[in-house]
């Protein structure tokens, strides 16, 4: 797949939406949609993507699309997919259609986790894509279960006593893997061909697939509007956000940085981690580095175990 | 009138029997007492290949209604069932279903709300959802549950309505009590319910639709106004479809059943199974020469204000029996009855009674006592409680 070919794909998500300057989320949406050869029906959780793409009477969606509520994109798409199976069985529909759900990390890690878990366990044939901007960015930077340790948010701010989020995030990718579904992958908006290939695989396999895609928020991570891709790239290079996939239980790391890049290189690009660079908070950065290194070792071990 | 088969069925099984004949494309449901036997029975129909339905055994009622919304927006005919806490958990998505104008039909086995937790009948669950733009039909017995389901699917899917419908029955009392239920032939019923033909739907990939966009200060209000318009239209359409159904069943489907109300001095207003008990009491008291009657409300949303005022206005005293409360305010049915009579020139006296919360039994003698009190003109503007230890 060359980027040139990618640019020729039909436009399923079109300009005119109101996402913030420099937001990489629409790139994720267009890339994932381009990876499906069949028509796609989308369900969207409440969040940045939904509010910026469907301000009535406008819509950026050139394909059938539904927004139900915040926590139920997976349950909603499971209903759509079941209706499709019912009609296929009765011969009421001829076309092959793919089913896709989008949710942010709030709508996926947190409030929508049960709905996602249920849909994965039931084995619906759909792809779930979490665009992960590590917090409730749509409502102005509140802490979520995806927010990294040490990050400043409005609900777990950095102050005189507390230094931002005091817990490490849960691992959504591994939670999805624990459902024993055919395909789970972690991707980043910085590695677009990797994302495209993963989306393609996710659409092609039968049964549920989950993609967790790193998506920096220019507005609330406090980065320049031209820096989103650069920051995402640093997340991958520092192993803060490894690119890997789990196909039928088999782990594969898709990109192994050639050298160990310290996490400071990633952290220092973002205002949300500014307080960590005060001398008295040095130990917090060390704690983050340790967490990353241990996680990477675990991942290598899982890959080697096959 | 058609040849019907008489089967011993509970209210739950009567609902399942209607669902079997309707043969929806998708049923998404989660178990909760006392609704469970509806979906259990239906699941067996699915397992035995008696229906074509695809069932989604979701992990919660929130997901049940969410999946129903997805399936209905996809273009499918969709049904489900719930009770009590299940309906409460669906609350958010109930408003989505009606706001997106999706004709989902849901059976409710009415049950009390927590806390304290209680599995028995009262109407707190569906009354709590009365302002969410769902049509609500209440059923006295298993026969009505069956027939109301057939009416509900047509009403919901009518192109001038397109609103979801709840068909309510009393938990345990109706849902688990066995009665003789007349089931009409499959072909006649299927011909009556027909096929659902949606105009806009997700699975029509040639005509992509955005369902559930963000509407702000400039459009939201108009959308809600359209829902009210649909509710208004549903009144007349309910009667039209009811008339059509009458030709099959021989029974009538008015907004309410006015039982011995014409010359009545005293009328009790009540819904669901207690109406049956009240009618027995009316027969006995009529035999003693007492002019009493019962108004059993079938259609609670949209509410038939004018027609109800017409029936009630000539009585001297009205007693309204609510099986739920609106804490700190007038009880739901009482409140609507009072509203109905405001525009009437003749205004009977009114008394509000609360009964049967958490499944507390109500006996014929209780209802007789209420009638006697009302015949003596004992009314106040305070709530009275039937069968309560003060």
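The values are calculated or read from the model by the stated rules, or taken from the named source; none is laboratory data. None of the values given here were measured: they were computed from a predicted structure. Positions of Cβ are backbone-derived with ideal geometry, glycine not excepted, and every protein chain shown enters the neighbour counts.
Let's see how each residue does on (1) free of Cβ contacts under 8 Å to residues at least 12 places away in the same chain; (2) out of contact with any helix residue (DSSP H, G or I) (no Cβ under 8 Å at 6 or more places or on another chain); (3) not in a helix (DSSP H, G or I):
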| site | (1), (2), (3) |
| --- | --- |
| B:264 | no, yes, yes |
| B:280 | no, no, no |
| B:295 | no, no, yes |
| B:307 | no, yes, no |
| B:311 | no, yes, no |
| B:320 | no, no, yes |
| B:329 | yes, no, yes |
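Find the helices (runs of 4 or more DSSP H) located wholly in segment B:1-86 whose residues include 3 or more that are closer than 27 Å to residue B:243 by Cβ, and list them.
Details: elements: B:11-22, B:36-47, B:61-74.
By residue number, B:11-22.
Among the listed residues A:247, A:204, A:264, which satisfies the condition of being surrounded by fewer than 18 Cβ atoms within 10 Å (Cβ to Cβ) and touching a strand residue (DSSP E or B) at 6+ places or on another chain (Cβ under 7 Å)?
On the way: A:204 fails: touching a strand residue (DSSP E or B) at 6+ places or on another chain (Cβ under 7 Å); A:264 fails: touching a strand residue (DSSP E or B) at 6+ places or on another chain (Cβ under 7 Å).
Step by step, each of A:247, A:204, A:264 is checked, and only A:247 is surrounded by fewer than 18 Cβ atoms within 10 Å (Cβ to Cβ) and touching a strand residue (DSSP E or B) at 6+ places or on another chain (Cβ under 7 Å).
Given (1) out of contact with any helix residue (DSSP H, G or I) (no Cβ under 6 Å at 6 or more places or on another chain); (2) in a loop (DSSP other than H, G, I, E, B); (3) farther than 23 Å from residue A:288 by Cα, where does residue A:121 come up short, assuming only one miss?
Unmet condition: (2).
Looking at segment A:25-49, which of the residues that are free of Cβ contacts under 8 Å to residues at least 60 places away in the same chain and within 12 Å of chain B (Cβ to nearest Cβ) is nearest to residue A:108 (Cα to Cα)?
So, considering only residues that are free of Cβ contacts under 8 Å to residues at least 60 places away in the same chain and within 12 Å of chain B (Cβ to nearest Cβ), the one nearest to residue A:108 (Cα to Cα) is A:44.
Within segment B:87-105, take every residue that is away from chain A (no Cβ under 14 Å) and within 27 Å of residue B:201 (Cα to Cα) and give me the one that is surrounded by the most Cβ atoms within 10 Å (Cβ to Cβ). Before you say what the answer is, go through the steps one by one.
Here is the first cut: in segment B:87-105, the ones away from chain A (no Cβ under 14 Å) are B:87-88, B:105.
If we keep only those that are within 27 Å of residue B:201 (Cα to Cα) as well, we get B:87, B:105.
On the way: B:87: 27, B:105: 32.
Checking each candidate, the answer is B:105.
Conditions tested, residue by residue: (1) more than 9 Å from chain B (Cβ to nearest Cβ); (2) in contact with a helix residue (DSSP H, G or I) (Cβ under 8 Å, 6 or more places away or on another chain).
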{"site": "A:23", "(1), (2)": "yes, yes"}
{"site": "A:51", "(1), (2)": "no, no"}
{"site": "A:55", "(1), (2)": "no, no"}
{"site": "A:65", "(1), (2)": "no, no"}
{"site": "A:72", "(1), (2)": "no, yes"}
{"site": "A:75", "(1), (2)": "no, yes"}
{"site": "A:79", "(1), (2)": "no, yes"}
{"site": "A:84", "(1), (2)": "no, yes"}
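Residue B:353 - would you say it is in a helix (DSSP H, G or I) and outside the structural domain of residue B:123 (by TED's automatic domain parsing)? Talk me through it step by step, then tell me what you get.
Working: in a helix (DSSP H, G or I): no; outside the structural domain of residue B:123 (by TED's automatic domain parsing): yes.
It is false that residue B:353 is in a helix (DSSP H, G or I) and outside the structural domain of residue B:123 (by TED's automatic domain parsing).
Considering only residues that are in contact (Cβ under 8 Å) with a residue 40 or more places away in the chain and out of contact with any strand residue (DSSP E or B) (no Cβ under 9 Å at 6 or more places or on another chain), look in segment B:204-223 and name the one that is surrounded by the fewest Cβ atoms within 10 Å (Cβ to Cβ). Don't jump to the end; show me each part of the working.
In the first step, residues of segment B:204-223 are kept if they are in contact (Cβ under 8 Å) with a residue 40 or more places away in the chain; the result is B:204, B:211-212, B:223.
This time we only want the ones that are out of contact with any strand residue (DSSP E or B) (no Cβ under 9 Å at 6 or more places or on another chain), so: B:204, B:223.
On the way: B:204: 17, B:223: 14.
Checking each candidate, the answer is B:223.
Specify the residue that is surrounded by the fewest Cβ atoms within 10 Å (Cβ to Cβ); the eligible residues are those in segment B:16-30 that are closer than 18 Å to residue B:56 by Cβ and more than 14 Å from every other protein chain (Cβ to nearest Cβ).
First, the residues of segment B:16-30 that are closer than 18 Å to residue B:56 by Cβ: B:16, B:19-20, B:22-30.
So of that shortlist, the ones also more than 14 Å from every other protein chain (Cβ to nearest Cβ) come out as B:16, B:19-20.
Values: B:16: 25, B:19: 26, B:20: 21.
Among those that are closer than 18 Å to residue B:56 by Cβ and more than 14 Å from every other protein chain (Cβ to nearest Cβ), it is B:20.
For residue B:68, are the conditions met, namely being away from chain A (no Cβ under 14 Å) and in contact with a strand residue (DSSP E or B) (Cβ under 7 Å, 6 or more places away or on another chain)? So that I can check it myself, show each step before the final result.
Working: away from chain A (no Cβ under 14 Å): no; in contact with a strand residue (DSSP E or B) (Cβ under 7 Å, 6 or more places away or on another chain): yes.
Criteria not met by residue B:68.
Kindly evaluate residue A:60 against the criterion of being at the interface with chain B (Cβ under 7 Å from one of its Cβ atoms), surrounded by 21 or more Cβ atoms within 10 Å (Cβ to Cβ) and touching a strand residue (DSSP E or B) at 6+ places or on another chain (Cβ under 7 Å). Explain how you work it out, then say what you get.
Numbers: at the interface with chain B (Cβ under 7 Å from one of its Cβ atoms): no; surrounded by 21 or more Cβ atoms within 10 Å (Cβ to Cβ): yes; touching a strand residue (DSSP E or B) at 6+ places or on another chain (Cβ under 7 Å): yes.
Answer is no for this residue.
Output the residues belonging to segment A:86-118 that are within 19 Å of the chain's Cα centre (by Cα), more than 8 Å from chain B (Cβ to nearest Cβ) and part of a helix (DSSP H, G or I).
Correct list: A:106, A:107, A:108, A:109, A:110, A:113, A:116.
Just name the residue that is farthest from the chain's Cα centre (by Cα) out of those in segment A:268-294 that are without any contact (Cβ under 8 Å) to a residue 60 or more places away in the chain, assigned to a helix (DSSP H, G or I) and surrounded by 15 or more Cβ atoms within 10 Å (Cβ to Cβ).
A:289
Name the single residue, out of those in segment B:201-227 being in contact with a helix residue (DSSP H, G or I) (Cβ under 9 Å, 6 or more places away or on another chain) and more than 9 Å from chain A (Cβ to nearest Cβ), that is farthest from residue B:243 (Cα to Cα). First the steps, then the outcome.
In the first step, residues of segment B:201-227 are kept if they are in contact with a helix residue (DSSP H, G or I) (Cβ under 9 Å, 6 or more places away or on another chain); the result is B:201-203, B:209-215, B:223-224, B:227.
Then keep just the ones that are more than 9 Å from chain A (Cβ to nearest Cβ); that gives B:224, B:227.
Numbers: B:224: 29, B:227: 24 Å.
Out of the qualifying residues, it is B:224.
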